[in-house]
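J.: Take a look at the following structure, please.
A short reminder: the numbers here are calculations on the coordinates, not readings from a lab. The structure displayed is predicted, hence computed values, not measured ones. Glycine gets a Cβ as well: all are built from the backbone with ideal geometry, and neighbour counts include every protein chain shown.
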Amino acid sequence: MLTFSDVTKEYNGKFAIQDISFKINEGEFVFLVGHSGSGKSTIVKLIIKEEDPTDGAIHFAGYDIGKLKSKALPHLRREIGVVFQDFKLLPKRTAFENVAFAMEVANYSNREIKKSVDYILDLVGLASKSHHFPHQLSGGERQRVAIARAMVNNPHILVADEPTGNLDPNVSWDIIQLLNKINSWGTTVLMATHASDVVDSMQKRVIVLDSGKLVRDSQGGYSE
Ligand code: ADP
């Protein structure tokens, strides 16, 4: 469902990633790991078409992402849920409104929005805090809101770029368990991280990047 074929991205003549190829199937949970600067965020940006590849092709759910016209971009973005390290919530909107926003731009009715947002906030364990603003929530709770927002349009894939990077270890674990639960319900998950302990204990497929190159793609831990 997501395929990178010899994808290269250069910035000012320097490789951010080089000749990257991999295929992620429906329902997989995949870690994307590597040191800072190894190219993880570049891969995320290419998937959501925030950047275009210098070379190679990216296919996702029938889209040729590199060749996609800008008017098709909203459709693509609805099929890909994204979560970032810094949550990227709107500070003056409540948890409910932050999640609802993702549906408002997709033109759903108010009734559909209320039903889906209540459902998804309950699912991430935040039903009782739906009217809290981000500053009234803990880091872990904010990331749950961000995950709810990413999931509310029922995307094919959830892409998480260092989702636990700003969180304490025990809170990180809760977030990982939530992502794992979402995956067990059928959504494909791609998580970029440098938290090797998490990767080791989950024993999922791991794609390892080093200086923009794919150096390993196998099942199991990070540090073996
Ligand atoms: P990671 O997410 O693994 O930390 P990145 O994908 O952010 O790595 O970066 C990979 C490489 O590409 C780094 O050397 C980084 O400096 C470079 N890079 C990323 N984005 C840009 C940009 N917008 N302009 C120039 N260089 C960039």
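J.: Tell me what the chain gives for mean residue ellipticity at 222 nm when only DSSP H runs of n ≥ 4 count, each as -39,500 (n - 2.57), the sum divided by the residue total, rounded to 500 deg cm²/dmol.
T.: Rounded to the nearest 500, it is -10000 deg cm²/dmol.
J.: Per 0.36 nm of contour for each residue apart, how much would the distance between Ser21 and Lys92 grow if the chain were fully extended, relative to their Cα-Cα spacing?
T.: 21.5 nm
J.: Can you tell me the 0 to 90 degree angle between the C-alpha axis of helix 95-104 and the longest principal axis of the chain, rounded to 10?
T.: So the helix axis and the longest Cα principal axis differ by about 70 degrees.
J.: P(r) of the chain in 10 Å steps, Cα pairs, percent per bin?
T.: 8, 33, 36, 19, 3, 0
J.: About its Cα centre, what dipole magnitude does the chain give when the only charges are +1 on Lys and Arg Cβ and -1 on Asp and Glu Cβ, stated in debye to the nearest 20?
T.: 720
J.: A further question follows. Specify the residue with the greatest mean-square fluctuation among Ile147, Ile157, Ile65, computed from a Gaussian network of the chain linking alpha-carbon atoms under 10 Å apart.
T.: Ile65
J.: Now for a separate question. I'd like the Karplus ³J(HN,Hα) series for the range 177-184: coefficients 6.51, -1.76, 1.60, θ = phi - 60°, whole numbers in Hz, and an x wherever there's a Gly or Pro.
T.: After applying 6.51 cos²θ - 1.76 cosθ + 1.60, I find 4, 5, 4, 5, 5, 4, 5, 5 Hz.
J.: For Lys45 paired with Arg111, estimate the spin-label separation in nm (one decimal), with each label point 7 Å from Cα along the Cα-to-Cβ line.
T.: About 4.4 nm separates the two model spin labels.
J.: What FRET efficiency would be calculated for the residue pair Trp173, Asp210, taking the C-beta separation as r and a Förster radius of 25 Å, to the nearest 0.05?
T.: Computed FRET efficiency for Trp173 and Asp210: 0.40.
J.: Something else about it: Treating the angle as unsigned and between 0 and 90°, give the value, to the nearest 10°, between the Cα long axis of helix 139-151 and the longest Cα principal axis of the chain.
T.: 80
J.: When the dipole is taken about the Cα centre of the range 1-107, and only Lys, Arg (+1) and Asp, Glu (-1) are charged at their Cβ, what size is it in debye, to the nearest 20?
T.: About 340 debye.
J.: Contact order normalised by length for the chain, with contacts defined as Cα pairs under 8 Å and 6 or more residues apart; what percent is it?
T.: The normalised contact order for the chain reaches 28 percent.
J.: Could you list which residues have their amide H under 5 Å from that of Asp210, counting only those 5 or more apart in sequence or on another chain, with H placed in the peptide plane?
T.: Hits under the 5 Å cutoff: Val215.
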